[in-house]
1. Looking at the range 250-261, can you tell me whether even one residue there is under 13 Å from the mean Cα position of the chain (by Cα), modelled with pLDDT of 85 or more and surrounded by 12 or more Cβ atoms within 10 Å (Cβ to Cβ)?
2. Can you pull out the residues in the range 362-404 that are more than 30 Å from Gly69 (Cα to Cα), touching a strand residue (DSSP E or B) at 6+ places or on another chain (Cβ under 6 Å) and among the aliphatic types (A, V, I, L, M)?
3. Restrict the check to the range 267-275 and report whether at least one residue is at pLDDT 95 or above and aliphatic (A, V, I, L, M).
4. List pairs: first residue in the range 138-156 and on the phi > 0 side of the Ramachandran plot, second residue part of a loop (DSSP other than H, G, I, E, B) anywhere in the structure, Cβ distance under 7 angstrom, at least six positions apart or on different chains.
5. Restricting the search to the range 135-144, which residues are of a type outside the set (S, T, N, Q) and surrounded by fewer than 20 Cβ atoms within 10 Å (Cβ to Cβ)?
6. Do the conditions hold for Gly267, that is, is it in the same structural domain as Gly237 (by TED's automatic domain parsing) and free of Cβ contacts under 8 Å to residues at least 40 places away in the same chain?
7. Can you pull out every residue in the range 405-449 that is within 16 Å of Gln113 (Cα to Cα) and among the charged types (D, E, K, R)?
8. Quick check on the range 262-288: of everything there that is charged (D, E, K, R) and on the phi < 0 side of the Ramachandran plot, which residue is surrounded by the fewest Cβ atoms within 10 Å (Cβ to Cβ)?
Amino acid sequence: MIGKQDRWQEDIFVACRLRDLVPEDHILKRVDKVLDLSWLRDEVKELYDEDKGRPGIDPEAALRLMLAGLFSGIAEDRKLMREAQVNIAMRWFAGYRLDEKLPDHSSLTRIRQRWGQERFKRIFLRTVEACHRKGLVSGDTVHVDATLIRADVSWKSITQRHVEKVLEENEVDEGQAGGKRGRPRNQAQKVKKYSRTDPDATMATSSHKYHLEPSYKGHTAVDDHAGVIVDIEVTTGETSEGKELLGQIERVEQATGKKPEVVTADGGYAHSANYTALEEMKIEALIPPQRESGKCAKIPLRRFKYDARRDIVKCPCGKILRRRSQGKNGWVYRASAGDCGKCALRDRCVSRKASARTVLIVEGYEALLRARRRRGRWGEREKGLYGRHRFLAEGSHAEAKTLHGMRRAVRRGLSNVAIQVYLVAAVMNLKRLAAAVAALLRFLLGIVRGITGRSGQLGTTNSDLRANCSTGAFAA
């Protein structure tokens, strides 16, 4: 028999609690069991006046609205408030009744501006602490990676900035103040693009196959045990991720209370300075060194032998190159013109305009050579850990962009983008924490069912277990 539903019936009263209308397996209901924001009011209390002004939005309700939107992949405030108007789960999660008026979207913007970037960073770090207390963070192995975040600007706002002109104007100012103007530059002016609407964003790309875009860069460190994000930082798009590695390790140690034993990263972090620093800190670096270009017209540097004890370099023919001058990243070693003039490999080694071969030995070159030798001896353990780097570190970026609205910044300025990234990282950590608690609850309920099936009685009921697990009585 075909049923019929009266679609136009409207009930004035609903005889149930609002939380009963939200399914038990809904992500907001699972997160609510592990989310503790009782500390938030004291954290932001100093930013509000106790006696003057209208009553503001409850800090916990405002933060819960932001988190609820990001759980659904909604990062824009306008879209979030439209969805919260009709979404029962969001209303319940934020603490608003069905007939209660929600705050205006602009209120969330003012709250972010009032709280500032550092307070949202502390909110993220609170999720790291919660995961650590539940045993989801080991701190032994950390996977580090970076990703580009498209800035919230249009292509029409992109304009050109002439670097040489800016430098020349600075030199004129220094000359007027009594400084040196320097020698004139004969090279053509370099053109640098930037956005007028968001000057903090810089042009960057993740591959030479793609064009440059105005971007920011998120630097992420993920713990190997359960995929918890233990550190995240935001910089402009052109910042080198390799130069951020040591700062990330320091922040990870502060967040977890433990220095990592193993750090994995891709070739973008394969700097000799990083290898040297990690060796000094006695941290195993699973970072594959970058390959030398195979299209090099000259004999590559790997054919030259560096003798650190004697501070010399030997060419493939056994001739000695001695230290001459200091370059930007190391020391320049140069052979004698007489040795290169008589060498049989001159045409393959020295350019036509040069009289002798020079090579640059970067700082920490010995550590780089040791890293290359270790890379050739990687076993199943090392390959397995680096494989986990791919789906944990790179996978966390894919998850954030696909599910939580981090593919593109929704606000402008470095501080605003950082707040968005901190909230997304907090959401992802809360998901992992809620999943761990839910798995523990299923495990305990399975034990209860097994015991009651054998004995027929047990002092602790299923509802008691759910209550104890949600309040943190059990540690994952």
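The values are calculated or read from the model by the stated rules, or taken from the named source; none is laboratory data. Not measured: the values here are computed from a predicted model. Quick reminder, even Gly has a Cβ in these numbers, built from the backbone with ideal geometry, and neighbours come from all protein chains shown.
1. So the first thing to find is which residues in the range 250-261 are under 13 Å from the mean Cα position of the chain (by Cα), and the list is 251-252.
Checking the rest, the ones that are also modelled with pLDDT of 85 or more come to 251-252.
Checking the rest, the ones that are also surrounded by 12 or more Cβ atoms within 10 Å (Cβ to Cβ) come to 251-252.
Yes, the range 250-261 contains at least one residue that is under 13 Å from the mean Cα position of the chain (by Cα), modelled with pLDDT of 85 or more and surrounded by 12 or more Cβ atoms within 10 Å (Cβ to Cβ).
2. Val362, Leu385
3. no
4. So the pair list comes out as Gly139/Lys258; Gly139/Pro260.
5. Gly135, Gly139, Asp140 - these are the residues of the range 135-144 that are of a type outside the set (S, T, N, Q) and surrounded by fewer than 20 Cβ atoms within 10 Å (Cβ to Cβ).
6. Numbers: in the same structural domain as Gly237 (by TED's automatic domain parsing): yes; free of Cβ contacts under 8 Å to residues at least 40 places away in the same chain: yes.
Answer is yes for this residue.
7. Result: Arg411, Arg412.
8. Kept after step one, since they are charged (D, E, K, R), are these residues of the range 262-288: 266, 279-280, 282, 284.
When the remaining residues are screened for being on the phi < 0 side of the Ramachandran plot, the result is 266, 279-280, 284.
Details: Asp266: 20, Glu279: 16, Glu280: 10, Glu284: 16.
Applying the filter and picking the extreme gives Glu280.
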